[in-house]
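What follows is a short report on a single structure.
Just so it is clear, none of the values below were taken in a lab; they were calculated from the coordinates. All values derive from a computational prediction rather than experimental measurement. Because the Cβ atoms are built from the backbone with ideal geometry, glycine has one as well, and the counts that use them run over all protein chains shown.
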Amino acid sequence: MEKILVIGANGQIGSELVEALANQHGAANVIAADITQNSLYGAAIYEVIDVLNAERIAEVVEKYEVTQVYQLAALLSATGEKAPLKAWELNMDGLLNILELARIRGEAGKPLKVFWPSSIAAFGPNTPAVNTPQYTVMDPSTIYGISKLAGERLCEYYFEKYGVDVRSIRYPGIISFKSPPGGGTTDYAIAIFHSALRGEAYSCFLEAETTLPMIYMPDAIHATISLMDAPATKLSIRSSYNVAGLSFNPRELAAAIKQNLPAFEIHYAPDSRQAIAASWPQSLDDNQARADWGWQAKVGLQHLVEDMLKNVRIETK
Ligand code: AKB
């Protein structure tokens, strides 16, 4: 039986992943953890963990005899640019703490399977932007992207050198409605729905034609769990897998919203996040993920827009 620890459980991915894992493995086998006392999880097990505190992680892993860790705590691209040293420390030391623990436990005959999220931010301005290959130039220009590329190399290193069973996905921008996004460049594609549903025009911080790879949360959760459930022998990549959902730009997204809400308007006021977005791919080649563990996205733009418009809860001002 698996015992699963999700660190960063109160974040955008964590909050939905915990629910999906609890449905699959039973709530008693999933431990949600985050740095704050606040638990989103009612009846589920919750522990306070700062991912920079290696001893505390080891204590919780030992307490529940954890067999899988999802390490999701991170500073994203836009927030990371405001606090580069903090982003580097959190993103790198957080990962290293987990990989080291997995190495030590593996050597003691108590293996720990690890999931860690990479991102399209690991690519950069000299990466081929369309249908970006799995193996290509990677010259990230944000501290977040640099930490993701370094993290990918660490994952492969711990697998090759110590046999740590670590698995990773280069997430596109994730669109979701359950918990607010935190400090990403792709977050315009969530904020736009909140404006649309409030009956307000949306002022977009990216230019109209800035196409980016995106994925709807149910597909992202499905990809994550499928990768973790895949037999180790099927996996040819231990850095991080390209995974494609769909690609669109702000103009196309606004047009799809307008089909449902004809009065909706968008204006463009690009800021520093435009340069970040312009350095990222527009679409990804995910053939390796398809071949190795049967990945295939299900959700297209029309379904995503209709579902978001149905489910986004508008915050009261
Ligand atoms: C961000 O925009 O920083 C994230 C990402 C693409 O990793 N959503």
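With only Lys, Arg, Asp and Glu charged, each at its Cβ (+1 for the first two, -1 for the last two), find how big the charge dipole of the chain is about the Cα centre; round to the nearest 20 debye.
Working: 26 positive and 35 negative charges, 43 e Å.
Here the chain has a charge dipole of around 200 debye.
How long are the three semi-axes of the equivalent ellipsoid of segment 181-317, in whole Å, if each is the root of 5 times an eigenvalue of the C-alpha gyration tensor, listed from largest down? Provide the component values of the computation, followed by the final result.
Working: eigenvalues 184, 57, 32 Å².
One finds semi-axes of 30, 17, 13 Å for segment 181-317.
What share of all Cα pairs of segment 106-204, in percent, falls into each consecutive 5 Å distance bin?
Distribution as computed: 2, 11, 16, 17, 15, 13, 11, 7, 3, 2, 1, 0 percent.
Rank 109, 151, 183 by mean-square fluctuation in a GNM of the chain with C-alpha springs under 10 angstrom and give only the top-ranked residue.
For the chain, modelled as a Gaussian network with Cα springs under 10 Å, the answer is 109.
Net charge near residue 24, counting Lys/Arg +1 and Asp/Glu -1 over other residues with Cβ under 12 Å of its Cβ?
It works out to a net charge of -3.
For the cross-link pairs 148/178; 86/258; 148/234; 258/298; 63/178; 234/310, which exceed 32 Å when the distance is taken from alpha carbon to alpha carbon? It would help to have the intermediate numbers written out before the result.
On the way: 148/178 25 Å; 86/258 40 Å; 148/234 24 Å; 258/298 23 Å; 63/178 30 Å; 234/310 38 Å.
Distance filter (> 32 Å) returns 86/258; 234/310.
Debye calculation, C-alpha points only, no solvent: report log10 I(q)/I(0) for segment 44-198 at q = 0.17, 0.18 Å⁻¹, in the same order as the q values.
With no solvent term, the Cα-only Debye profile gives -1.06, -1.15.
By how many degrees, 0 to 90 and rounded to 10, does the Cα axis of helix 143-162 deviate from the longest principal axis of the chain?
Around 30 degrees separate the two axes.
Between 0 and 90 degrees, rounded to the nearest ten: what's the tilt of helix 301-311 against the longest Cα principal axis of the chain?
So the helix axis and the longest Cα principal axis differ by about 80 degrees.
Give me the mean projected area, in nm² to one decimal, of the convex hull enclosing the Cα positions of segment 255-310. Don't jump to the answer; show the numbers that get you there.
Numbers: hull surface 23.6 nm².
Spelled out: convex hull of the Cα atoms, projected over all directions, averaged, 5.9 nm².
If the viscosity is 1.002 mPa s and the temperature 20 °C, what Stokes-Einstein diffusion coefficient in µm²/s follows for the chain when Rh is the Kirkwood radius over Cα pairs? Each step should come with its number before you reach the end.
Values: Rh = 19.9 Å.
Answer, rounded: 108 µm²/s.
Need the C-alpha centroid separation for segment 5-35 versus segment 215-288, integer Å.
Cα centroid to Cα centroid, the span is 22 Å.
Treating the angle as unsigned and between 0 and 90°, give the value, to the nearest 10°, between the Cα long axis of helix 250-260 and the longest Cα principal axis of the chain.
Between the helix axis and the principal axis of the chain, the angle is about 70 degrees.
Net charge within 13 Å of residue 268 by Cβ-Cβ distance, Lys/Arg positive one each and Asp/Glu negative one each, not counting residue 268 itself?
On the way: positive: 251, 273; negative: 207, 209, 265, 271.
Combined, the nearby Lys, Arg, Asp and Glu give -2.
Against the empirical 2.2 N^0.38 Å scaling, what ratio does the C-alpha Rg of segment 1-91 come to? Intermediate values should be presented prior to the final figure.
On the way: Rg = 13.3 Å, N = 91, 2.2 N^0.38 = 12.2 Å.
In units of the globular-protein estimate, segment 1-91 measures up at 1.09.
Considering every Cα-Cα pair within segment 203-268, what fraction, in whole percent, is farther apart than 19 Å? Could the numbers behind the result be given before it?
Numbers: 1112 of 2145 pairs.
Percent of Cα pairs beyond 19 Å in segment 203-268: 52.
How big is segment 159-243 in terms of Cα radius of gyration and Dmax, in angstroms?
Just the Cα atoms of segment 159-243 yield Rg and Dmax of 16.8, 55 Å.
Please give me the summed charge of the neighbours of residue 278: other residues whose Cβ is under 11 Å from its Cβ, Lys and Arg +1, Asp and Glu -1.
Values: positive: 273; negative: 207, 209.
After counting each charged neighbour, the total is -1.
Which percentage, to the nearest 5, of the DSSP beta bridges contained in the chain is antiparallel?
Values: 3 of 33 bridges.
Within the chain, antiparallel bridges account for around 10 percent of the total.
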